[in-house]
Amino acid sequence: MRNRFIDLLAILAMVLAFSAVTFAQTYGTKGYSPGAWKPEELPKDLSKPKPYNSHDLAGVWSSPTKAGYFERHALNDKWLDIKDKSIPDQMRSQTYPPPMTAWAKAKFEATKPSYGPRSVPPGLGNDDVSTCDPMGYPRDLYEANLRPFEIIQASDRVLIHMQYHDIWRTIWTDGRQLPKDADPAWMGYSVAKWEGDTFVITSTGYDDRTWLDHFGNPHSDQMVLVERWRHPDADTLTLDMTITDPKAYTAPWVGETVTFVRAKAAIFEELCVPSEEEHFNDKIRDAAVGTAKP
């Protein structure tokens, strides 16, 4: 997208520098809604906190920012101090998946990511995100690290709306079972129920063309993802994820606990537009390796 690289750097700098302030601002803060409503233009009641209910996940949430650290991008990340100038930008996060099967190894070796120890210049990579193809889940959750997402609860479903690429995910809570032979879907098929104060989501039916993360770790169409969401206090969500995929991994992949904080802000439009992505490829990714169009 036009000016996307500069915009991302600006957002990262702003979040890291002002993290203590950002989440204390009112709903509709300029930091999250550039060009949209100004805080002073919104009804003041919007910024009032709701009564705490451990089963009420609704609201806008974001990864907490922590000065001196880079965002996470996979189920298991090693957080590294970004002040250490000896660490290349693309290697500030590392993942540790369980052993892969031969099938998964072949898929993994065919990937050419732009991050991690196997990274190649983006202009030489094959990450589908550069063509605006869907990233799938849970990758979309991690790639949206510096952007908020919204949870909307209805009587028969929970909707998760990601600002990044305007992705909608539907989790059914009406008692239905997972489909037995559905066509693979980019975001899979999800059902959920409450177990005490834990919202347990089980998902299957994922299209195996997506990666689990931006390091190129694969999955198959047999993957089962179990998420356990908790709401321990008014301004915090936690998430534990486990992936079971015997076609791709020899053991379940248990992720580290992810913490989200309430973002007192409104999400805004951030579409992945093919024509703009092509422009970004030509001016940034491809130009970096000398393959841009003349």
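The values are calculated or read from the model by the stated rules, or taken from the named source; none is laboratory data. As the structure is a computational prediction, the values presented were derived from the model and not from experiment. Here Cβ is always computed from backbone atoms with ideal geometry, including for glycine, and neighbour counts include all displayed protein chains. Heavy atoms of the whole protein, side chains included, go into the accessibility calculation; ligands, DNA and RNA do not. Shrake-Rupley method; radii C 1.70, N 1.55, O 1.52, S 1.80 Å.
I'm checking my understanding of the structure. Among residues of segment 110-140 that are in contact with a helix residue (DSSP H, G or I) (Cβ under 8 Å, 6 or more places away or on another chain) and of a type in the set (A, V, I, L, M), which one is modelled with the lowest pLDDT?
Filtering first and then ranking leaves VAL129.
So the check is Cβ under 6 Å with 6+ separation or different chains; which pairs have a first residue in segment 152-163 that's free of Cβ contacts under 8 Å to residues at least 24 places away in the same chain and a second one that's open to solvent by less than 10 Å² (accessible area, probe 1.4 Å) and among the basic types (Lys, Arg)?
Short answer, once both residue conditions are applied: ILE160/ARG169.
For the structure I just gave you, tell me whether ARG169 is out of contact with any Leu (no Cβ under 9 Å at 6 or more places or on another chain) and at negative phi. Write out each step before concluding.
Numbers: out of contact with any Leu (no Cβ under 9 Å at 6 or more places or on another chain): no; at negative phi: yes.
When the stated conditions are applied, ARG169 does not pass them.
Going through segment 238-289 one residue at a time, which ones are over 25 Å from GLU227 (Cα atoms), open to solvent by 70 Å² or more (accessible area, probe 1.4 Å) and either assigned to a loop (DSSP other than H, G, I, E, B) or at pLDDT 90 or above (or both)?
GLU269
Any residue in segment 180-190 that is exposed (fewer than 15 other Cβ atoms within 10 Å of the Cβ) and small (Gly, Ala, Ser)?
yes
Give me a count of the residues in segment 193-207 that are touching a residue at least 40 places away in the same chain (Cβ under 8 Å) and open to solvent by 40 Å² or more (accessible area, probe 1.4 Å).
Here the count works out to 2.
What number of residues within segment 132-157 satisfy the criterion of being closer than 15 Å to TRP168 by Cβ and among the acidic types (Asp, Glu)?
2
With the requirement that a residue be open to solvent by less than 10 Å² (accessible area, probe 1.4 Å) and at pLDDT 90 or above, what does segment 141-157 give you?
Across segment 141-157, the qualifying residues are PHE149, ILE151.
Report yes if SER130 is among the polar types (S, T, N, Q), open to solvent by 20 Å² or more (accessible area, probe 1.4 Å), without any contact (Cβ under 8 Å) to a residue 60 or more places away in the chain and over 20 Å from ALA265 (Cα atoms), otherwise no.
Against the criterion (among the polar types (S, T, N, Q), open to solvent by 20 Å² or more (accessible area, probe 1.4 Å), without any contact (Cβ under 8 Å) to a residue 60 or more places away in the chain and over 20 Å from ALA265 (Cα atoms)), SER130 does not qualify.
So is PRO218 closer than 16 Å to LYS105 by Cβ, part of a loop (DSSP other than H, G, I, E, B) and open to solvent by 30 Å² or more (accessible area, probe 1.4 Å) or not?
In short, no.
Hey, can you tell me all the residues within segment 221-237 that are in a loop (DSSP other than H, G, I, E, B) and within 18 Å of PHE149 (Cα to Cα)?
Across segment 221-237, the qualifying residues are ALA234, ASP235.
If a residue has to be under 17 Å from the mean Cα position of the chain (by Cα), open to solvent by 30 Å² or more (accessible area, probe 1.4 Å) and within 27 Å of TRP103 (Cβ to Cβ) to count, how many in segment 221-237 make the cut?
The total comes to 1.
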